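The values are calculated or read from the model by the stated rules, or taken from the named source; none is laboratory data. Please read these numbers as outputs of a predicted model, since none were measured by experiment. Note: ideal-geometry Cβ built from the backbone for every residue, glycine included; neighbour counts use all protein chains shown. Ligands, DNA and RNA are stripped out before the accessible areas are found, and what is left, the full protein with its side chains, is counted by its heavy atoms. Shrake-Rupley method; radii C 1.70, N 1.55, O 1.52, S 1.80 Å.
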Amino acid sequence: MNFELSRLKINAKFQFFIGAAIILFFFKFFIPSSENTVSLIINELLVGITIASFIFFLMEWIHIKKVNPLSLVMNIGILTALIFFFIIFSNPLLGELSSRTQSAPLRFDLIYSLVSFIYSTIILGSVSYIFLAFRELYFLKQKRNVSTYFNTMVVFIILSSYSTLLQQNPDLLYIKDTFFIITILLVILNSIKISWIAFIIKKEKKILLFLSIIIAVLFVLNLAGNSDSSTNYQILTKFSPAFLQFLKINMIYGAIYFSILFFTTLFHIPTAEAFDRKAQEVSSLQYFSKLITEVFDFDDLVDTIAEIASKVSSADASWIAWKDNDVLKSIGNKSIGFLDADLLTTYAKDTKKNIEVSGTEFLALEKFQKKLQLSEPFYFISFSPLKMHNEAKGFLFTARKNNFAFDDEDKNALDTFSDYASVAIENSHLFEESIVKERLEKELDLAREVQRKILPAKNPDYKDLNISSVFIPAFEVGGDYYDFFEIDSDNFGFVIADVSGKGISAAFIMAEVKGIFESLSKTIRSPKEILVKANEILQRTLDRKSFVSAAYGLIDLKNETLKISRAGHCPVLLIRNNIAENMKPSGIGLGLNFTEHFANTLEELKIDLEENDTIVLYTDGITEAKNKNLEDFGSGLFEKILLENCDRNADEISNKVIHEVTLFSQNNPQHDDITLVILKWKQILKNDGEKEWQNSVLQLKT
Amino acid sequence: MAEFSTSTKDVGEVSVIYLQGYLDAHTAPALENTFSNLVEKGKYQTVVNFKELAYISSAGLGVFMAFIEKMRENNGDIKLSSMNDKVFNIFDLLGFPLLYEIYKTEDEAINKYIESKNLEK
């Protein structure tokens, strides 16, 4: 919308300018030499309007483009040169034409009118642009509102130009001179304020120094070439004396402005470098602080850090010495090979006692013995610690090939920069960690899913045997496994196992263990034999670090017996007559030993079951459940709870146990799977006592 | 979790490894490193002192399984000593006393090496 509007404005202004120019042309065409005052004034007004409309059009146009002081200066230079050539070549080329009309002033000469009009219009356009460029340069980078000074000057330029109308009358000539002098004073005043010089870089300043002297000379030459006898003067006097005055003032303005510009630039050159560097530091730091939030890939980040470090410290090469297993390795090398970088890192390390530094340090390489081994000559290096959690995890190195030592400013810049770099690196690490963590969580989800599918979906139902099982997975899957085998109508097998290790690897071993027990339980009755066979099978797949603790039991429902063998697992508890008995036949964990020693040490226990016997299978997730003081739940408390609740049914007992464990370990995360299986043999419901009590109440009532 | 650390001391030809803190799946690699270093140096006669160890998980136990064969193949051993009751209970349940020599004190374990050396002579 805005853009459209400004386009429209430009078009309108351009049309206005064209209109003014055409009217001027026809006026000139029909009234070629105006001797009377009225036509003279009309002529001057028309020229003024044309110039003004052209300047207004250009102003809009120039604002749409980005204003670059150097290109403005260039434009002024080109147009001044154009005017210069016009003035020089007007003498030989147009001289004769001009003198011919002068000799016969009243004769109408079409060619002369046309040529002089075009000539004047081109000069008019150029001067208008030059004036506008002065205006732009004047307002460039001005912090305060200084338009009053410039506007006053504009008013006096106009007054001075139009005062040429009075020159026919010699008595009034002083008015023209007065305006002219005031205008020149204002021009000088306004030329002194050149504030944009400081903001251009050193290289541009050098170009500007060169340009300004040439342009200043051109302006002076134009001024000199504009003498009364020159053809240019002749043509423009005819065209418009006021415009000639305007041209003169502009040439003076240019000469003064560019002379002052030349000296200003000259004085700015020595400080240009410092100014440039400060500006670069600021922009580098800005760039980098943005980077911190954006770059998360460690390698990319290291590259960028090294690159900016070079710029910040005006160094020729940079790299990061990163601690990898306590060895400093160079990464992100910029303009330096890793061999050189390693040599210099080692030198810094040897010189500064393992470079335990708190801030940026500098080192001259004068005494560096292996200097000749470097593929390129370096004279100075700097190194700054990159700290994570107050520990230097690496060092940011920069190196200079020239003979200029690092100074305090470099130190400040590198100190600040290395702090930023440390934060950025830490961020990228945290980001990476969170990705790894997420992946791990996904993996654990999968492991828990596997585990859930491996465990029995529901408990078998027997007349004489009441079964309850609880399984609570830990966040990191612990590898607990239990299973029931309804072998035939008389035999019921059960197993509980705990795979060493955690996570997905434990889940896979668990799946394998399930397969082994499922197939073995179908063919072998003896728990001992099953465990011996399971150990043999596991030898093929278990690595040396892994093992499985397991307990396998077989209940003969008909003969009311229990056989049990234990391979490294927690004891099986038998609660009978209010006494908790640890059934702990000897046996080594599966996968710990593959010799006959395993079978030799494995015992099988056989007991006759009695009414109300409670058999408790569990994993160490229960006894090792921890409270916030990291104390164990312990087997003592476990047995106590079992004994207190032993006359309840299996579900009630296990609920009670889990309730107590949860209470105990609240506020402390669960580290291992919890598995609890309770088998209750022939429970006699003690409803008698309750009835007796009810009876007594009834008796009391009657 | 609480931290875990190991330190090693040479007593004659025997290397004694001291364990401290919590040995579980997360800290087990530290102990693996210690054993690997001993194997690299050709020190196969080791005693592990459990006096300062508060807890050991199944992954921690796995470390001993990983190195016992290597040690025994090279005329060495991993002898365990100075366990508190809780840690011993974990070893005991898994049947480690049937596989490893476990001693009350570090000196007993070291002496065992010296005795067997004397016997060889």
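Listing for the model above:
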item: Residue in the stretch A:565-577 that is part of a loop (DSSP other than H, G, I, E, B) and of a type in the set (Val, Ile, Thr) present; result: no
item: Residue ranges of strands (runs of 3 or more DSSP E) in the stretch A:456-514 with at least 2 members within 14 Å of chain B (Cβ to nearest Cβ) and either among the β-branched types (Val, Ile, Thr) or surrounded by fewer than 17 Cβ atoms within 10 Å (Cβ to Cβ) (or both); result: A:491-499
item: Output for the stretch B:82-101, where each listed residue is more than 9 Å from every other protein chain (Cβ to nearest Cβ) and either hydroxyl-bearing (Ser, Thr, Tyr) or in contact (Cβ under 8 Å) with a residue 12 or more places away in the chain (or both); result: B:Ser82, B:Met83, B:Asn84, B:Val87, B:Phe88, B:Phe91, B:Tyr100, B:Glu101
item: Filter result (buried (at least 23 other Cβ atoms within 10 Å of the Cβ) and away from chain B (no Cβ under 13 Å)) within the stretch A:563-593; result: A:Ile564
item: Test: B:Glu52 is more than 12 Å from every other protein chain (Cβ to nearest Cβ), closer than 24 Å to A:Glu596 by Cα and open to solvent by 50 Å² or more (accessible area, probe 1.4 Å); result: no
item: Failed criterion for A:Val450 (all others in (1) free of Cβ contacts under 8 Å to residues at least 40 places away in the same chain; (2) open to solvent by less than 80 Å² (accessible area, probe 1.4 Å) hold); result: (1)
item: Within the stretch A:517-554, tally of residues that are under 56 Å from the mean Cα position of the chain (by Cα) and either within 14 Å of chain B (Cβ to nearest Cβ) or open to solvent by less than 10 Å² (accessible area, probe 1.4 Å) (or both); result: 15
item: Which listed residue, of B:Lys104, B:Lys117, B:Lys79, is farther than 18 Å from A:Ile588 by Cα, away from every other protein chain (no Cβ under 14 Å) and either buried (at least 17 other Cβ atoms within 10 Å of the Cβ) or at pLDDT 90 or above (or both); result: B:Lys104
item: Those helices (runs of 4 or more DSSP H) lying entirely in the stretch A:227-333 with at least 2 residues more than 23 Å from A:Phe417 (Cβ to Cβ) and among the aromatic types (Phe, Trp, Tyr); result: A:231-239, A:241-294
item: Subset tally (residues that are in contact with a helix residue (DSSP H, G or I) (Cβ under 8 Å, 6 or more places away or on another chain) and at pLDDT below 85) for the stretch A:310-328; result: 5
item: Whichever residue in the stretch A:1-36 is in a loop (DSSP other than H, G, I, E, B) and open to solvent by less than 80 Å² (accessible area, probe 1.4 Å) and, among such residues, is modelled with the lowest pLDDT; result: A:Ser34
item: Members of the stretch B:32-49 that are under 22 Å from B:Glu108 (Cβ atoms) and either open to solvent by less than 20 Å² (accessible area, probe 1.4 Å) or over 14 Å from the mean Cα position of the chain (by Cα) (or both); result: B:Thr34, B:Phe35, B:Leu38, B:Thr46, B:Val47, B:Val48, B:Asn49
item: Helices (runs of 4 or more DSSP H) enclosed by the stretch B:16-121 - at least 1 residues per element that are small (Gly, Ala, Ser); result: B:28-40, B:58-73, B:106-120
item: Qualifying residue in the stretch A:155-167 (condition: surrounded by fewer than 20 Cβ atoms within 10 Å (Cβ to Cβ), part of a helix (DSSP H, G or I), at pLDDT 75 or above and in the same structural domain as A:Asn68 (by TED's automatic domain parsing)); result: no
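Let's see how each residue does on (1) out of contact with any helix residue (DSSP H, G or I) (no Cβ under 7 Å at 6 or more places or on another chain); (2) free of Cβ contacts under 8 Å to residues at least 24 places away in the same chain; (3) more than 14 Å from every other protein chain (Cβ to nearest Cβ):
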| position | (1), (2), (3) |
| --- | --- |
| B:Glu3 | yes, no, no |
| B:Lys9 | yes, yes, yes |
| B:Asp24 | no, no, no |
| B:Ala28 | no, no, no |
| B:Phe35 | no, no, no |
| B:Val39 | no, no, no |
| B:Gln45 | no, no, yes |
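Conditions tested, residue by residue: (1) of a type outside the set (Phe, Trp, Tyr); (2) within 14 Å of another protein chain (Cβ to nearest Cβ); (3) open to solvent by less than 50 Å² (accessible area, probe 1.4 Å); (4) under 28 Å from A:Gly503 (Cβ atoms).
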| residue | (1), (2), (3), (4) |
| --- | --- |
| A:Ile615 | yes, no, yes, no |
| A:Ala625 | yes, yes, yes, yes |
| A:Leu637 | yes, no, no, no |
| A:Cys646 | yes, no, yes, no |
| A:Val657 | yes, no, yes, yes |
| A:Pro669 | yes, yes, no, yes |
